[in-house]
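Enquirer: Below you will find the structure I want to go over with you.
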Amino acid sequence: MKGVVVFLALAALGSAKPRLFETFQDHFQHFLDISNALEGAHWRRQQGQGYTPNPEYIEMLNKLSEQNLKQMLADLKKEPEVQDIIEYLDNLTIDVDYYVDNLQWIIQKLHANDTDGIPGVEFHHRIRRHPMTGTTMITALADTVSMLPIRQLRATFNEKMAKNQLFRTAIEGLKSDRFLTLYKALWKNEAFLKVRDILADCHFDLKYIFEELAFSLLGQNDPIQVTFQIQFDEFLDIIVNMESPHWLRQLGGYKSFPEFRKSLSALSKTKLVRHYPQLNSASPAFKKVDAFLKRHGIFVAYWIDRTDFLTEFFEKNDHAIGCNEIIPTQESHRSRRHPMTGRTMHTFLADTVSLLPIRQLKSLFNEKMETNAIFKTAIEGLRSNEFKEIYNALWTDDVWLNLVDELKTEYDFDLKYVIETLAPALYGQNVPLYISFQTQFDEFFEIIIANVGDSINSLLKAYKQNDAFRASLDTIDNTVFIQLYQDLRNLDVFQTLDAYLKKHDVYVPYYIDRFEYLTHRLNTNVTAVGDLEIKQQSSQDITPSGTTMADFFADVVNILPKTELAALYTKKMSENTVFSTAVNSLTSAEGKKMYNDLWANRTFQAIANAYANYDFNFRYILETLVPALYGQ
């Protein structure tokens, strides 16, 4: 039904207190927290209601529960090969006893059909996000891997590898030749192989656990089946990376309006998922639509339940929902990228559509249509004449229309808008009501990444070999430029210019925040983030012209695809009023005077000179680099 507030799922990324990671187990628990927050309810439902009724699964679970894993490990510790590998892991702060103890505990809980004690969120009522692939212990493990939120786990893994020395050391240790030697020796040890065989008789494959499941829990393996629902998370990653701070800021604005608060409060207190079984029994038209969607891998109850889950949290303004540390984005202080168009739930949803990064979402959508059979099957089903016919029939059904009217009247929640406008927009398949000057920059950025993204990466790697460049990059990365913006607003000349630019839809904090975001990515080598996941063209390495930050910026300007950027600029100036208005304000006599007045201010000059000492030239950035990004 709708993935509406889903986008909003991981939104409050900067609000949680930092957690301490003193051992590898602390990091591992962080990954489990993410999986529990997103899939714990699904997993417990699958184990408790999906696999438990199958005798072949229960038989193996009974046999497995009779094994004393702790004693097995204690006996194995007498073996030299086991001692060697445990000692090596201990030095990486990896405690083997921790994992065996937890595995023993989970097995006993499953055997007692008592999943309530297993960490996770309360049961959701949504239908499983992917089909069970069998009825045995073997397929239960495989289905667990398939269910993991790989995208979020992988993003967390990349973030930890970039930022945490302990985690990086442990992972590098596990990838080392030394560990590979110890691991191979373990698999030649007779006592270990005997334990392997005992557990294999319970359909518990240690090789699969070590080499598939363990990696997947850290987001380092691909699930066997990625459903249409799970693939939505990839679109969600892009939205959260690029727009979550903006959306939270907008949510705060709307919460100041009593009309919106009333709708959100009422919506959060109801359970939309309760309507699902009622509709299936009372509306043949809905049942037909639901059955068609299920055949094409789309589960309506999943989207309803995800909406219930999130509206309740956001009504409470509770951003820390267990998955808020997933995407490495900091809370933004930049101004809203487009104006709020009203005070109601309906305009809030419309403004959410306007805020979406349509270009990046559309790029991912097109890629999946070309490469992913599951995704393509679902979309082609939605576009088919058969579905259009039964969907149109749904809108003549009295039971359905009564629900639509109820939601619209009581909650200002327009199902037709949600299904036909918001849902497609979340996949980049709709046009927002308003495209700000800032949002349009993404189109120029996409051209740059597609044409010279690899060349810029090549330049960056080369420049990072130079101490002067690394020192400048570290300094810039550790500078809170948004605080500088707040300080500059104490200057009358800056405040006047800032107000003038805002009036013409140019938001200085947006560019500052985006610069901080991208600088951090460049400095940490983490490039797999939502707004950079655009197909890149291969190119030859570029020879640096120097060794400093100024040289790097000059080299980037020189390799930009000027013809393509200029063509887009010219097109927008002639066709897009929002864009031309913003540009004309920058080039007008009034705008130029305010800009020159700023540079005549001694306080601003002193600040600019201070950053010039770090090889960061404000005037070059503003007057050469930024225009070049637009092909000028």
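Enquirer: Between the alpha-carbon centers of the range 277-311 and the range 194-257, tell me the distance in whole angstrom.
Expert: Rounded to whole Å, the Cα centres lie 23 Å apart.
Enquirer: Aspartates and glutamates near Lys316 by alpha-carbon distance under 20 Å, same-chain residues fewer than 8 away left out - which ones?
Expert: Glu122, Glu259, Asp305, Asp308, Glu325, Glu331, Glu410, Asp412
Enquirer: Moving on to the next point. Which links in Lys78/Lys194; Lys109/Lys294; Lys109/Lys271; Lys287/Lys388 stretch past 21 Å when you go from one Cα to the other? Show your work: numbers first, answer last.
Expert: Details: Lys78/Lys194 14 Å; Lys109/Lys294 32 Å; Lys109/Lys271 30 Å; Lys287/Lys388 15 Å.
Going by Cα-Cα distance, Lys109/Lys294; Lys109/Lys271 fall outside the 21 Å limit.
Enquirer: Hey, another quick one. By a straight-distance test (C-alpha under 25 Å), which lysines pair with Lys562 as possible cross-link partners, with residues fewer than eight away in the same chain excluded?
Expert: Lys362, Lys461, Lys535, Lys571, Lys572, Lys592
Enquirer: Something else: At a Förster radius of 60 Å, what calculated FRET efficiency corresponds to the Cβ-Cβ distance of Lys271 and Thr519, to the nearest 0.05? Let's see the in-between values first.
Expert: Details: r = 44 Å, r/R0 = 0.74.
In this case the efficiency is close to 0.85.
Enquirer: Quote the accessible area belonging to Asp95 in square angstrom, nearest 10, computed with a 1.4 Å probe and with ligands, DNA and RNA left uncounted.
Expert: Estimated to the nearest 10 Å², Asp95 gives 60 Å².
Enquirer: Could you sort Met573, Met549 by accessible area so the largest value comes first, with the probe set to 1.4 Å? Let's see the in-between values first.
Expert: Values: Met573 55, Met549 5 Å².
So, going from the largest accessible area down, we get Met573, Met549.
Enquirer: Note the full-extension length gain between Lys408 and Asn366 as 0.36 nm times their separation in residues minus their Cα-Cα distance, in nm to one decimal.
Expert: On the way: separation 42, 0.36 × 42 = 15.12 nm, distance 3.31 nm.
Gain on extension, Lys408 to Asn366, equals 11.8 nm.
Enquirer: For Gln632 and Ala600, calculate 0.36 nm times their separation in residues minus their Cα-Cα distance, and state this gained length in nm to one decimal. Display every interim value, and only then the final one.
Expert: Working: separation 32, 0.36 × 32 = 11.52 nm, distance 2.49 nm.
Full extension from Gln632 to Ala600 adds 9.0 nm.
Enquirer: Below 12 Å, Cα to Cα, which aspartates and glutamates can Lys376 reach? Residues fewer than 8 away in the same chain don't count.
Expert: List returned: Glu367.
Enquirer: Between His296 and Lys562, with labels modelled 7 Å along Cα→Cβ, what's the label distance in nm to one decimal, could you check?
Expert: In this crude spin-label approximation the distance works out to 4.8 nm.
Enquirer: If you count only protein heavy atoms and use a 1.4 Å probe, how large is the accessible surface of Thr396, to the nearest 10 Å²?
Expert: 100
Enquirer: What does the extension gain come out to for Ala554 and Glu172, with contour length at 0.36 nm per residue minus their alpha carbon separation?
Expert: Details: separation 382, 0.36 × 382 = 137.52 nm, distance 3.58 nm.
Stretched out fully, the Ala554 to Glu172 stretch lengthens by 133.9 nm.
Enquirer: Another one. Can you compute the FRET efficiency between Trp105 and Met161 using 1/(1 + (r/R0)^6), with r the Cβ-Cβ distance and R0 = 35 Å? Round to the nearest 0.05.
Expert: Details: r = 29 Å, r/R0 = 0.83.
Using R0 = 35 Å, I get an efficiency of 0.75.
Enquirer: Additional query: Once you put a point 7 Å from the Cα of Leu206 and another 7 Å from the Cα of Tyr614, both along the Cβ direction, what distance in nm separates them?
Expert: So the two model labels end up 5.3 nm from each other.
Enquirer: I need the calculated FRET efficiency for the pair Lys262 and Phe179, taking r as the beta carbon distance and R₀ as 56 Å, to the nearest 0.05.
Expert: Values: r = 59 Å, r/R0 = 1.05.
Computed FRET efficiency for Lys262 and Phe179: 0.45.
Enquirer: Could I ask something else about it? By the scheme Lys and Arg +1, Asp and Glu -1, what is the net charge of all other residues having a beta-carbon under 15 Å from that of Asn609? Could the numbers behind the result be given before it?
Expert: On the way: positive: Arg602, Arg619; negative: Asp615.
Charge balance in the 15 Å sphere: +1.
Enquirer: Work out from phi, with θ = phi - 60° and the Karplus expression 6.51 cos²θ - 1.76 cosθ + 1.60, the ³J(HN,Hα) of each residue of the range 75-90, listed in order in whole Hz, and give x for Gly and Pro.
Expert: Working through the residues one at a time gives 5, 5, 5, 7, 7, x, 5, 6, 4, 5, 6, 5, 4, 4, 5, 4 Hz.
The values are calculated or read from the model by the stated rules, or taken from the named source; none is laboratory data. Bear in mind that the values here come from a model prediction, so they are computed numbers and not experimental data. Positions of Cβ are backbone-derived with ideal geometry, glycine not excepted, and every protein chain shown enters the neighbour counts. The accessibility values were calculated without ligands, DNA or RNA, using every heavy atom of the protein model including side chains. Shrake-Rupley method; radii C 1.70, N 1.55, O 1.52, S 1.80 Å.
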